[in-house]
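All remarks here apply to the structure that follows.
The values are calculated or read from the model by the stated rules, or taken from the named source; none is laboratory data. This is a predicted model, so every value here is computed, not measured. Because the Cβ atoms are built from the backbone with ideal geometry, glycine has one as well, and the counts that use them run over all protein chains shown. To get the accessible areas, we keep the full protein, side chains included, count just its heavy atoms, and leave off ligands, DNA and RNA. Shrake-Rupley method; radii C 1.70, N 1.55, O 1.52, S 1.80 Å.
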Amino acid sequence: MTDKYAVLGNPIGHSKSPMIHAEFAKQTKQDISYEAILAPLDGFSDTVKRLIAEGYKGVNVTVPFKFEAFDMANDINASAVVPEASNTLVFYEGSAAAYNTDGIGLVTDIQKNLARPLQGKRVLMIGAGGAAQGVAIEIAKANPATFVVVNRSVEKVHDMQKKLEGAKEQDIVAITASSFNGLDGQVFDVVINATSAGLTDSVLPIPDSIFTSNILAYDMMYGRETPFMLQARSAGAQVADGLGMLVEQAAEAFSIWRGIKPDTKPVIATIRAL
Ligand code: NDP
């Protein structure tokens, strides 16, 4: 019997997840269906309950429901504890277990696909919203030399610092909070844009001096060249968008559901060529 999965969001029409999971299923010969479902803004948990009753095996969760997914889950996997948000639910015996695969997706894309190990490197993350909170713990666990986070509203960075300090993982690198002004004169190896500024083509107040030819400038957004990417590219930096992260977080979810890890490389190439 075909096992049913879906991605829930609002809006959801733009989602590439059905295509990605169809590619994974074909490659690994798994008998699954995967659809995009628009959940009403006030009806996320009702939608999840309906899908559980209809025999679905799990869902991915996207904006704006990742925090609600965490709140309604019966079990919380370690990956979702620090983010307090979930992008992957596993359904079992009428219950839901919450996972977060965004951090692994980002770190795998940077370290494996882009061949940029984070250990011992100086990492800057811009942004402290939902996506940034989701990936912070995995970046810290990759053991960079320094991990600086800058955000317009600095209290969100302090919140992130506290969450990481409270994490059970031992010996993870602590976050250093910075203001945008404080970036002047600082040097990094990897700069990650986890803001949504690219959605509105807004230019971030980051000094040109942080972009050198040696750094990786990674924008978690995909589908368009953002002002962040343009600024970094014109300074000669290696530039990447978040498409690889999208496919890697999906591969991790697929592996949690199906117990088999798909090969992401051909899928990234297929989605990028569309
Ligand atoms: P949120 O709304 O939760 O957070 C937005 C963040 O961007 C905040 O830190 C906010 O700062 C900052 N921000 C927005 N506009 C500006 C601006 N003009 N100048 C400076 N800072 C700004 O969004 P998410 O965290 O959910 O999403 C962020 C990005 O990550 C999106 O582009 C999304 O597409 C991408 N993403 C990619 C994924 C992938 O798989 N590749 C997965 C998940 C997300 P402040 O707090 O001060 O308002």
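Side notes on the structure shown:
- For the chain: accessible area per residue (Å², 1.4 Å): 45 Å²
- Degrees between helix 130-141 axis and first principal axis of the chain (Cα, 0 to 90, nearest 10): 70 degrees
- Placing dummy labels 7 Å off each Cα toward the beta-carbon, the span from D263 to E165 is 4.7 nm.
- Proximal charge balance of S213 [Cβ under 15 Å; K/R count +1, D/E count -1]: 0
- The residues packed around E225, meaning those with a beta-carbon under 15 Å from its beta-carbon, carry a net charge of 0 if Lys and Arg are +1 and Asp and Glu are -1.
- Normalising the average separation of contacting C-alpha pairs (under 8 angstrom, six or more residues apart) by the number of residues puts the relative contact order of segment 140-274 at 16 percent.
- Degrees, to the nearest 10: 264-273 long Cα axis against longest axis of the chain: 80 degrees
- Straight-line reach from K16: taking Cα to Cα under 27 Å and skipping same-chain neighbours fewer than 8 places apart, the lysines in range are K4, K26, K29, K49, K57, K66, K112, K261, K265.
- The chain, relative contact order in percent, only Cα pairs under 8 angstrom and at least six apart counted: 16 percent
- Nearest 10 degrees, 0 to 90: helix 44-53 Cα axis against the chain principal axis: 40 degrees
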